[in-house]
Every structure is written in structure tokens, then in C-alpha cells.
Amino acid sequence: MNDTFKKGTRESNQLLYSKLGSIYTVDTNLATSIGSINLERPVMLASGILGISLDVFNRLYRSGAGAVVTKSLSTEPWEGYPNPTIFGLGGGGWINAVGLSNPGAANFAKMIEPNKDVPIVVSLVGSVPEDFEQMVKEFENCKVTAYELNLSCPHVAKVGLEVGDDPELVKQIVSSVKNTTNVPVIAKVGLGTTHYLKTVETAIDSGVDAITAINTVRAMAIDVETQRPILSNKFGGLSGTPIKPIALRCVYEISSKFDIPIIGCGGVSTWEDAIEFFLAGASAIQLGSAIGDNWIDVFSQINNGISDYMKKKNFSTIKEMVGLAKKS
């Protein structure tokens, strides 16, 4: 992979990046804003995919990612679940139960402290407000674009969905993080036992700056030969193209009910998917599973597709597309 990356002037809004030796020129303005978060490109890496190395972050950014979201980090290192942890369904669908394996917030902060250029969104997971406060303090000396609070992991007990299903706990966590840092805070919501719109409302009332919707959906697979669940944890999170219609519906509902910046996440693999999320109300999108098929080339492919669409439809900015599907 040729990692050459050049950025044109702000006046020209021109992005140049290379892929396999070929220079891609995108002369449409792909910049977008998620509240106070300003990105040069709207396609982000979702949490849980390649989110553990500053070297990889740099490669992703030079290949067209507008920002990278780290793996979800905990106060202490987590080993995660034993194999098998990932099962491919075919057709762009995956079930995973990795178990939020990560090196811990303090160790990870040391890893990204040298970062100068990459917009990094740090994903955090915990059980109580004190967990999040402690982790945020570990990143005081790091260049961090935002924190994404994982309130929706579907396969780890006592964190994720169990937190998101408790409105009072969501309120305490968001409030504590907002009181601890001036860095923008994003809440990542999913589909648990509590209606996700209640979680969104609580997070907004508590001061969150943006919403990421959605996380993976609780699922499982069974081997008919062994007659046993395939994943070691039995249950996992469904991701990829099968959940896109669900994620799209959630973004549309959130944007219809609340005035809050939204990042669409779930099943994005093409530029058409990205455009659908913009039209539903998202200002940016995250992708993860699509990397399994196209490696990091998917960022440049989607950026180019968005640019071509904008030229065809005479849009000059991403913002002009956001929420258009809601207009009668």
C-alpha cells in the first residue's frame, strides 16, 4: 500500500490520497461537522476494528478515513473471550463476541501520545461513572478529537447494554465525563431492553454532544453438526449489511425526534449506504465490517462515490444532504 497523502488548501477543498500507487483526486468539499467536531471527510472507522495501533491509525487516515475510533477501552486490561469469537454469515454479515479485549486505558494512552495528525475518537466502556472519569484523565496529554461512550455492547455483562438500559446510570456517566473534560463526548447507543430513544433522550439531557447509532445487535449461530453454539460466549453482536436497515431506521427516528448531531453506524459498505445515512439525518458514518472485504481501500472508494454523487446532484457540502429524506 502506498501511504502517500497530500492535502490541498482549504480554499480549494481538494483532497489527494494514494491507493496502490494511483492518486485519487476529490475536488468536492467532503468536510463535515458533528457538533463542534470538524472532519475533513465523513467516513470514520468504527470501534472494534483495527483500533489498537497508532501506525494503523495513520495508515487509515492517509487512506481516506475522516477519523478513527479506537477499540473500547476499560480501566484495566481485558483479555476478552477465548476462540471462536467471530463467525461469518456470508453476504457481508458477521457475529462477533470478542469480549472487548483491550490493553487498558492507561497503556493505550501511552501508545497514542505521539499522535500529531490523526483525528482519534477514544471509545470507553465501564460500569460506573468513576470508571469513565479515571479513563478520561489518562488521556489528558494525548491529542483526542472526542470520546465515544460505549453504552451498547451486546455481549459483555455489566457494561454496554446493561449500562445503556439504565437511564439513571447513563445520566451519571455522561454528566461525570462532561464535568471531567472539555473534549466533545459522543454516546453510542444500541438496541437493548429499554427503548433506545429513552437512552438517547437521557444522554442528550445530560449534555452529550452527539450520538452514534447503532451498535451491533445481539445474535447467535449454532453448528448443526456439533449441535452447539458456534461462539465461545454463545451470544455475540450481529454486524455488517444485515443490520443496515435497522441502523438506518434508528438514525431517521433519532433525527426526527431530537436536535442532536448523529453518526450513522451499522452495515455501511458502499457510498450508496453512506448517502442513505446522510439523507436519514446523519452528518457522518462509521464502518467496520466492510474492511473485511475491501481492507482500507473502502475509505477511498466510499469517499469517491460520495463526491461523484454530490457533483451529480449539485450538492456542495455534506450538510446540504443531511435529513433530506424527512422532507415532504
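The values are calculated or read from the model by the stated rules, or taken from the named source; none is laboratory data. These numbers were taken from a predicted model, which means no experiment stands behind them. Glycine gets a Cβ as well: all are built from the backbone with ideal geometry, and neighbour counts include every protein chain shown.
Taken together, the residues in the range 254-264 that are in a loop (DSSP other than H, G, I, E, B) and either farther than 17 Å from Asn215 by Cα or aliphatic (A, V, I, L, M) (or both) amount to 3.
Pairing residues of the range 241-254 that are under 13 Å from Gly91 (Cα atoms) with residues that are hydrophobic (A, V, I, L, M, F, W, C) and crowded, with 22+ Cβ neighbours inside 10 Å, at Cβ distances under 8 Å and at least 6 apart in sequence or on separate chains, gives Ile243/Ile214; Lys244/Val268. When the test is whether a residue is of a type in the set (A, V, I, L, M, F, W, C), part of a helix (DSSP H, G or I) and surrounded by 23 or more Cβ atoms within 10 Å (Cβ to Cβ), Ala325 does not pass it. Taking the condition under 19 Å from Met135 (Cβ atoms) and in contact (Cβ under 8 Å) with a residue 60 or more places away in the chain, does Thr181 pass? When the stated conditions are applied, Thr181 does not pass them.
In the range 56-170, counting only strands (runs of 3 or more DSSP E) that sit wholly within it, the ones holding 1 or more residues that are under 22 Å from Thr180 (Cβ atoms) span 67-69, 120-124, 146-150. Given the conditions (1) free of Cβ contacts under 8 Å to residues at least 40 places away in the same chain; (2) part of a loop (DSSP other than H, G, I, E, B), report the number of the one that Val208 does not fulfil. Every condition holds for Val208 apart from (1).
Among the residues of the range 231-278, the ones that are surrounded by fewer than 21 Cβ atoms within 10 Å (Cβ to Cβ), farther than 30 Å from Pro82 by Cβ and of a type in the set (Gly, Ala, Ser) come to 1 in all. Does at least one position in the range 265-272 carry a residue that is of a type in the set (Val, Ile, Thr), in contact with a helix residue (DSSP H, G or I) (Cβ under 8 Å, 6 or more places away or on another chain), assigned to a helix (DSSP H, G or I) and closer than 20 Å to Val217 by Cα? Scanning the range 265-272, I find no residue that is of a type in the set (Val, Ile, Thr), in contact with a helix residue (DSSP H, G or I) (Cβ under 8 Å, 6 or more places away or on another chain), assigned to a helix (DSSP H, G or I) and closer than 20 Å to Val217 by Cα, so the answer is no. Restricting the search to the range 287-302, which residues are assigned to a helix (DSSP H, G or I), in contact with a Ser or Thr (Cβ under 9 Å, 6 or more places away or on another chain) and either farther than 14 Å from Gly66 by Cβ or not aromatic (Phe, Trp, Tyr) (or both)? Passing the criteria: Asp293, Asn294, Asp297, Val298, Ser300, Gln301, Ile302.
Of all residues in the range 63-93, those that are of a type outside the set (Gly, Ala, Ser), surrounded by fewer than 22 Cβ atoms within 10 Å (Cβ to Cβ) and either in contact with a helix residue (DSSP H, G or I) (Cβ under 8 Å, 6 or more places away or on another chain) or under 30 Å from Asn29 (Cβ atoms) (or both) total 3. Filtering the range 196-206 to residues that are under 19 Å from Gly264 (Cβ atoms) and not charged (D, E, K, R) leaves Tyr196, Leu197, Thr199, Val200, Ala203, Ile204. Quick check, is Lys137 over 28 Å from Tyr61 (Cβ atoms), of a type in the set (D, E, K, R) and in contact with a helix residue (DSSP H, G or I) (Cβ under 9 Å, 6 or more places away or on another chain)? Here the answer is no, as Lys137 does not meet what is asked.
The residues of the range 55-74 that are β-branched (Val, Ile, Thr) and at pLDDT 95 or above, listed by number, are Val68, Val69, Thr70.
For the range 174-195, the set of residues classified as modelled with pLDDT of 95 or more and either part of a helix (DSSP H, G or I) or surrounded by fewer than 23 Cβ atoms within 10 Å (Cβ to Cβ) (or both) consists of Val174, Ser175, Ser176, Val177, Lys178, Asn179, Thr180, Thr181, Asn182, Val183, Pro184, listed by residue number.
Just checking, does the range 158-171 include any residue being without any contact (Cβ under 8 Å) to a residue 40 or more places away in the chain, surrounded by 17 or more Cβ atoms within 10 Å (Cβ to Cβ), closer than 30 Å to Lys116 by Cα and in contact with a strand residue (DSSP E or B) (Cβ under 9 Å, 6 or more places away or on another chain)? No; the residues of the range 158-171 include none that is without any contact (Cβ under 8 Å) to a residue 40 or more places away in the chain, surrounded by 17 or more Cβ atoms within 10 Å (Cβ to Cβ), closer than 30 Å to Lys116 by Cα and in contact with a strand residue (DSSP E or B) (Cβ under 9 Å, 6 or more places away or on another chain).
Taking each residue of the range 267-283 that is more than 19 Å from Lys257 (Cβ to Cβ) and looking for partners that are of a type in the set (Asp, Glu) with beta-carbon atoms closer than 9 Å, six or more apart or interchain, yields Gly267/Asp273; Val268/Glu276; Ser269/Asp293; Trp271/Asp308.
Does the range 40-53 include one or more residues that are in contact with a strand residue (DSSP E or B) (Cβ under 8 Å, 6 or more places away or on another chain), surrounded by fewer than 21 Cβ atoms within 10 Å (Cβ to Cβ) and at pLDDT 90 or above? Taking every residue of the range 40-53 in turn, at least one turns out to be in contact with a strand residue (DSSP E or B) (Cβ under 8 Å, 6 or more places away or on another chain), surrounded by fewer than 21 Cβ atoms within 10 Å (Cβ to Cβ) and at pLDDT 90 or above.
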